[in-house]
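Visitor: Right, I'll just put the structure down here and ask away after.
The values are calculated or read from the model by the stated rules, or taken from the named source; none is laboratory data. Bear in mind the structure is a predicted one, so any value in this text is a computation, not a measurement. Here Cβ is always computed from backbone atoms with ideal geometry, including for glycine, and neighbour counts include all displayed protein chains. Keep in mind that these areas ignore ligands, DNA and RNA; they rest on the heavy atoms of the full protein, side chains included. Shrake-Rupley method; radii C 1.70, N 1.55, O 1.52, S 1.80 Å.
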Amino acid sequence: MPRKHLGQNFLSDPSILSRIISAADLTSDDTIVEIGPGHGHMTRMLAERVKRLIAIELDHDLYKRLTRDFIAYNNVEIVHGDVLQFPFESLDIFKVVANIPYYITTPIIFRLLDAKQNLRSMTLTIQKEVAERIVALPGGKDYGVLSISSQYFTEPELKFIIPKEAFRPVPKVDSAVIHMTIRGIPRVTVRDEKLFFRIVRMAFSQRRKTLANSLNSLDKDIKDTLSEAGIDPRRRPETLSIGEFALLSDFMTP
Ligand code: SAM
């Protein structure tokens with residue numbers, strides 16, 4: 001029985017799995033981390049293509065089965081545990097390819113962005129709605145902290161949609177495959193990255209408010225600072241490009 005609380009919606013259609021693997025742009029020299037291998041369908045296809053595969057599964061029964069199924073594969077390590085606790089920082093250069101558990105999509109993405117030092121790319125099957133937020137441009141309701149964080153550190157590309165009927169059990173929403181290539185240098189240069197993200201988070205925490213209102217606890221002269229940066233204080237956060245947030249952040253950096 002699939003464990004709903006572990007986000008178990010399995011994908012076994014070989015043609016869809018092949019498309020995901022093509023989107024990941026792998027080489028035979030790659031080390032791959034697969035999050036939530038489940039029954040191991042994609043695990044097997046990956047194992048045949050890459051040098052080393054680390055597959056992290058939280059479900060103990062699935063883990064035991066995977067350990068048995070992959071005993072003859074010298075290049076596969078099955079790890080039992082929670083991906084959010086995995087020490088990605090201890091790995092050499094690696095890529096992530098995974099159909100991830102949807103109850104922790106955003107924490108996984110932020111965890112991987114945190115561990116970006118040796119990460120080269122992530123190819124993730126996630127909820128379509130989250131994929132749309134990742135690639136969203138300024139001006140719409142999808143644009144927010146996840147779009148800016150993803151686009152600041154990576155080049156995200158929405159590759160294709162997977163209809164919900166392809167999964168077992170069938171989930172409530174359609175999925176999408178997103179490929180995110182980690183940038184060598186961030187999309188924009190800022191003098192204080194911590195402050196940049198603080199401003200972004202604070203602005204979007206009250207996205208209906210004007211910037212002058214939502215950012216006033218960061219700077220008592222926020223109206224003047226915004227005007228000096230050439231940004232109308234009456235604008236709302238979803239209208240600002242990443243470049244404009246960077247500019248504002250640099251104006252606020254002492
Ligand atoms: N990759 C398989 C597939 O495509 O059929 C399974 C995908 S299913 C959406 C998510 C998988 O992640 C399940 O096998 C589930 O047990 C596992 N999982 C759930 N929470 C996890 C966690 N915190 N860490 C690692 N794996 C987890």
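Visitor: State, as an integer percentage, the relative contact order of the range 193-252 based on alpha-carbon contacts under 8 Å between residues 6 or more apart. Don't jump to the answer; show the numbers that get you there.
Guide: Details: 56 pairs, mean separation 24.1, N = 60.
Once normalised by length, the contact order is 40 percent.
Visitor: Given the pairs Lys128/Lys194; Lys95/Lys194; Lys64/Lys95; Lys4/Lys164, which are separated by over 18 angstrom at their Cα positions? Could you put the intermediate results ahead of the total?
Guide: Values: Lys128/Lys194 29 Å; Lys95/Lys194 26 Å; Lys64/Lys95 24 Å; Lys4/Lys164 15 Å.
Violating the 18 Å limit, Cα to Cα: Lys128/Lys194; Lys95/Lys194; Lys64/Lys95.
Visitor: Give me the percent relative contact order of the chain, please, defined on Cα pairs under 8 angstrom at least 6 residues apart.
Guide: Relative CO of the chain lands at 16 percent.
Visitor: So, with +1 on the Cβ of K and R and -1 on the Cβ of D and E, and no other charges, what is the size of the charge dipole of the chain about its Cα centre, to the nearest 20 debye?
Guide: On the way: 35 positive and 32 negative charges, 123 e Å.
The calculated dipole for the chain is roughly 600 debye.
Visitor: Which residue, Pro14, Pro87, Pro37, has the most motion in a Gaussian network model of the chain that connects Cα atoms within less than 10 Å?
Guide: Fluctuation is largest for Pro87.
Visitor: Loop-only check: which trypsin sites (Lys or Arg not before Pro) in the range 12-72 are DSSP coil with at most 16 other Cβ within 10 angstrom? Write out the running numbers ahead of the final one.
Guide: On the way: sites: Arg19, Arg44, Arg49, Lys51, Arg52, Lys64, Arg65, Arg68; in loops: Arg49, Lys51.
Taking the range 12-72 and a limit of 16 other Cβ atoms within 10 Å, the loop trypsin sites (Lys or Arg not before Pro) found are Arg49, Lys51.
Visitor: Kindly sort Met1, Met180, Met202 by accessible area of their heavy atoms, largest first, with the probe set to 1.4 Å. Kindly include the intermediate steps, with their values, before the conclusion.
Guide: Working: Met1 210, Met180 0, Met202 50 Å².
So the residues, ranked largest to smallest area, are Met1, Met202, Met180.
Visitor: Residue farthest toward the positive end of the dipole of the chain, with Cβ of Lys/Arg at +1 and Asp/Glu at -1: which of Ser149, Ala176, Pro37?
Guide: Result: Ala176, furthest along the dipole toward the positive end.
Visitor: Which of the trypsin sites (Lys or Arg not before Pro) across the range 163-254 are loop residues per DSSP, with 12 or fewer other Cβ within 10 Å? Don't jump to the answer; show the numbers that get you there.
Guide: Working: sites: Lys164, Lys172, Arg183, Arg187, Arg191, Lys194, Arg198, Arg201, Arg207, Arg208, Lys209, Lys220, Lys223, Arg234, Arg235; in loops: Lys172, Arg183, Arg187, Arg191, Arg207, Arg208, Lys209, Lys220, Arg234, Arg235.
Here the sparse-neighbourhood loop sites are Lys172, Arg208, Lys220, Arg234.
Visitor: What residues from the range 66-99 fall in the zone where the backbone N is under 19 Å from a label point 7 Å along the Cα-to-C-beta line of Ser28?
Guide: It comes to 73-76, 95, nothing else.
Visitor: Give the percent of DSSP beta bridges with both residues in the range 4-182 that are antiparallel, rounded to the nearest 5.
Guide: Details: 17 of 35 bridges.
Of the beta bridges lying entirely in the range 4-182, close to 50 percent run antiparallel.
Visitor: What GluC sites (Glu not before Pro) in the range 209-254 are in a loop by DSSP, with at most 10 other Cβ atoms within 10 Å of the Cβ?
Guide: Details: sites: Glu228, Glu238, Glu244; in loops: none.
For GluC sites (Glu not before Pro) across the range 209-254 that sit outside H, G, I, E and B with at most 10 neighbouring Cβ atoms in 10 Å, the list is empty.
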